[in-house]
Amino acid sequence: MGAGDGGTGLGTLTVAEPCRLSFEGVTKRFGDVIAVDDLTLEVEAGESLVLLGPSGCGKSTALRIMAGLETPTAGVVRIGDRVVNDVDAKDRDVAMVFQSYALYPHLNVRRNIEFPLRSRHVPAEERARLVTSTARSLGLETLLDRKPAQLSGGQRQRVALARAIVRHPRAFLMDEPLSNLDAQLRTEMRAELAELHHRLGVTVLYVTHDQVEAMTMGQRIAVLRDGVLQQVDVPRTVHDRPANAFVAGFIGSPPMNILAGRFDTADGTADGTAEVVVDGGSIPLGPAATAALRRRGLPDVTVGVRPEHLRADPDGTLKVTVALAEYLGYEQHLGCRLPGGGMLTVRLTGTSSALVLGDTLALAVEGDPHLFDPVDGTRIDV
Amino acid sequence: MSDADLAPGTAALGEVAAGASEGAASGHRWLGRTLREAAVGYLFVLPAMAVFAVFVFYPLLRTFWLGLFRVAPYPTIPSKFVGLSQYRSVLTSHDFFASLGDTVEFVLLTVPIGIVLGLALAAMADARIRGIRFFRTIYSSTVATSVAVVSVIFFTLLNPTVGLFSYWLGIEGGNGILQSNTWALPAVATVTVWQNIGFTFILMSAALQAIPEELLEAARIDGAGGRSRFWRVTLPLLSPTVFFAAVVGIIASFEAFGQIDLLTQGGPDNHTNVLVYYLYTSFQNNDFGKASVLAAALFVILLAVTLVQFRFLERRVFYG
């Protein structure tokens, strides 16, 4: 559990075993606003779980409740087996990395990193040893005497991490820690954080609105919307089998196309396949999807198609007009206008023929589309 | 080169010469422009300098000069140049040291207590509770109260026969607080602290609100309790404001006059006779020479104290 140097025994600093974090029916109200609505969620010991959602969805509030910076209106919060509702933040023994890093501007890097150790009255000698080894593991040795104002964004981020790691807390809480970094640095730090988690084996609750970050950092992802938990699962399942249309639209880049469709329950061919009629044409369904919609027996259905499952095909069943083309080198994103005015995003990989804006195009859908209930958005299982 | 300059044989040589003379000319132009810019700059500073010269520098020098003359007790008799002997006699007199002692005591009673109280009030009023604006207004209200009004209020409260304070302390009818050799100076200091608290409160409140909430949250998560957060995060970040309040407060306390004139007139038995008041009474007695020596001494003391503060205290200040 040593920070990088494989350091053994940490002397008087008790090294907490990574532990479980749980929300049990947690609700938080600010006046009339419900920020978190009856959240029940568990982060396993040693697991990295990402709370994902758009801004204002309550993910940061949930994190702050776990940190002890907010008091839940209702529900039980546990760290390990201990109920911590009435435990002050300073006594919870969890570390937090803030979006703004929240480094103490009047203290140099060394003093920033050792701040939590001083709070715990760790002897000077051991403090020095822990600060040195942590700084080394994050490449901060040469910056120890600098003030935060003299550091770059990436370096500040590292100091914030070092301050969290140095005390070997029971869990890490991270509030959009990468969102103040530029794109390249963010990609680097993302990999570094994932590696760090792997190396330290600690429990991490990570908040972000960036679905790429969520997919790469989380062993599991919890998607939140308006304070309500939508789905918790491993990234692959959240991506491939989104629980509802909101999750489907939020995960994936570019996001999934969501279309209103109509299904004729009496329709169908001998081999048990059918199609859903949408604006601009139709989308074919395999036998299982057809059977599921027949069982459901309702004509209206919401259809989701990922941009990568659309391809240009002269025999395609969707007729669109090319309205926007973004060439990214390794792939191309097309914004296609449907006759009814809606837009459809298409992701084309490899070399494809030059497209001219205004061209009409036929698109084929690969595989079954995602099907959702148009009223509550829940997935229709096939 | 000068040959070429005089008789350009070829076009190329001529060009070189032209280039050289152009370089010299641009050098002159550069110097000229710098001088012109400097002149314009000084022109802008001039009005302010003129005002300072007339109202600050000249009186200052004149004060030091006047200290060299002994003024006769009657206006008709001319002043007499006595050199530094008047400086020596005044600044070694028992009265001067007594007055300096009172002044230092007054400063020590007002400045630290004022800053601590102002900071404490600001910290309390920083709480996010309903109706706190009411208290903020009350706490800062003394800023809008003149020293004369404050003095009259306290003069009444401290009155030995009808004053509320005398009644509460159970000493009504006896010797008044302002008439007590022991309590007159602390009483005047208390009035001064009360009068200044609004200003300190506003300063400290503004500084407190400028501290990012996240830093205190981070400190909490890093295991720091309330007191620890204050000493390790809040106070260091407030240090520029505390330093400013100390420098300004010390100068103001050294120069306090109104409350002393209205409450005690330096009494009883010279126990509130701070330097400014001593200077004032000397001036009232037409002893301009002595008053000038005292004024010069006050200036030098304040300058020294302020320099010492910048030299030693400012090292502990963190400017964000």
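At-a-glance table
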{"item": "Pair A:ARG236, A:GLU192: separation of 7 Å Cα→Cβ label points (nm)", "result": "3.0"}
{"item": "Longest to shortest principal axis, alpha-carbon extents of chain B, angstrom", "result": "112, 76, 30"}
{"item": "Degrees separating the helix B:288-308 axis from the principal Cα axis of chain B, which is the longest one", "result": "70"}
{"item": "Extended-chain gain in nm, criterion 0.36 nm per residue less alpha-carbon gap, A:LEU298 and A:ASP226", "result": "23.1 nm"}
{"item": "Those residues of the stretch A:135-175 whose amide nitrogen sits under 15 Å from the label point placed on B:PHE318, 7 Å along Cα→Cβ", "result": "A:145-151, A:160"}
{"item": "Computed label-point distance, nm, for sites B:LEU157 and A:ALA45 using a 7 Å Cα→Cβ extension", "result": "6.2"}
{"item": "Shape category assigned to the stretch A:104-259 from the gyration tensor of Cα positions, a/c cut at 1.5", "result": "prolate"}
{"item": "Prolate/oblate/rounded call for the stretch B:160-200, Cα gyration tensor, a/c under 1.5 rounded", "result": "oblate"}
{"item": "A:TYR327-A:SER100 FRET efficiency (beta carbon distance; Förster radius 41 Å; 0.05 resolution)", "result": "0.70"}
{"item": "Estimated dipole of chain B in Debye, rounded to 20 [Cβ of Lys and Arg +1, of Asp and Glu -1, Cα centre]", "result": "440"}
{"item": "GNM top mover of A:LYS59, A:LYS147, A:LYS28 - chain A, alpha-carbon springs below 10 Å", "result": "A:LYS147"}
{"item": "Shape category assigned to chain A from the gyration tensor of Cα positions, a/c cut at 1.5", "result": "prolate"}
{"item": "Range of Cα positions in the stretch B:186-320 per principal axis (Å), largest first", "result": "66, 30, 20"}
{"item": "Kirkwood hydrodynamic radius (C-alpha pairs) into Stokes-Einstein, the protein assembly as shown, 25 °C and 0.890 mPa s, D in µm²/s", "result": "74"}
{"item": "Contour minus Cα-Cα distance for A:ASP38 and A:ASP313 (0.36 nm per residue)", "result": "94.3 nm"}
{"item": "Relative contact order for the stretch A:21-249, counting Cα pairs under 8 Å that sit 6 or more residues apart, in percent", "result": "29"}
{"item": "In degrees, nearest ten, helix B:235-254 long axis to first principal axis of chain B (Cα)", "result": "70"}
{"item": "Mean shadow area of the stretch A:254-372, taken as a quarter of the surface of its Cα convex hull (nm²)", "result": "7.3"}
{"item": "Nearest 10 degrees, 0 to 90: helix B:147-157 Cα axis against chain B principal axis", "result": "10"}
{"item": "28 Å Cα cut-off, lysine pairs counted over the protein assembly as shown (separation 8 or more, or different chains)", "result": "5"}
{"item": "Pair A:VAL382, B:ALA304: separation of 7 Å Cα→Cβ label points (nm)", "result": "9.2"}
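Since every read-out is calculated from the coordinates, none of them should be taken as a lab result. Treat the numbers as computed from the prediction; the structure is a model and nothing was measured. Don't worry about glycine lacking a Cβ; one is built from the backbone with ideal geometry, like all the others, and counts go over all protein chains shown.
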